[in-house]
Amino acid sequence: MTVEEVIRQSLPKVNVMQLATCADGQPWLCTVHFCMDDAFNFYWFSTEQRRHSKELRANPNASVYTLIHENKPDEN
């Protein structure tokens, strides 16, 4: 299975991501609800006044993190 196939199979199971932005050399990490389209564009709702929104306008470089956790207590 390719990386793209894993992403396409796994990300629909997730709707929360960590969004990391940076301004003046200071990192900022926040949690947002998101969705993704077929071209791997991520979308989330936020207000323009939020810190991450302001930082993304000033610096569009960002990073995201999602955790796909499948709790399987019966497996060792």
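The values are calculated or read from the model by the stated rules, or taken from the named source; none is laboratory data. These numbers were taken from a predicted model, which means no experiment stands behind them. Reconstructed Cβ throughout: ideal geometry from the backbone, glycine too, with neighbour counts over all protein chains shown. To get the accessible areas, we keep the full protein, side chains included, count just its heavy atoms, and leave off ligands, DNA and RNA. Shrake-Rupley method; radii C 1.70, N 1.55, O 1.52, S 1.80 Å.
Structural remarks
- A simple count of charges around residue 30, restricted to other residues whose Cβ falls under 13 Å of its Cβ and scoring Lys, Arg +1 and Asp, Glu -1, yields +2.
- Heavy-atom accessible surface of the chain: percent carbon and sulfur, 1.4 Å: 53
- The largest-to-smallest principal axis extents of the Cα set in the chain are 45, 28, 21 Å.
- ³J(HN,Hα) computed for each position of the stretch 17-26 - Karplus, 6.51 cos²θ - 1.76 cosθ + 1.60, integer Hz, glycine/proline x: 9, 8, 10, 10, 10, 8, 9, 6, x, 10
- Computed magnitude of the charge dipole of the chain (debye, nearest 20; Cβ of K, R +1, Cβ of D, E -1): 360
- The chain, accessible area per residue, ligands and nucleic acids excluded (1.4 Å, Å²): 81
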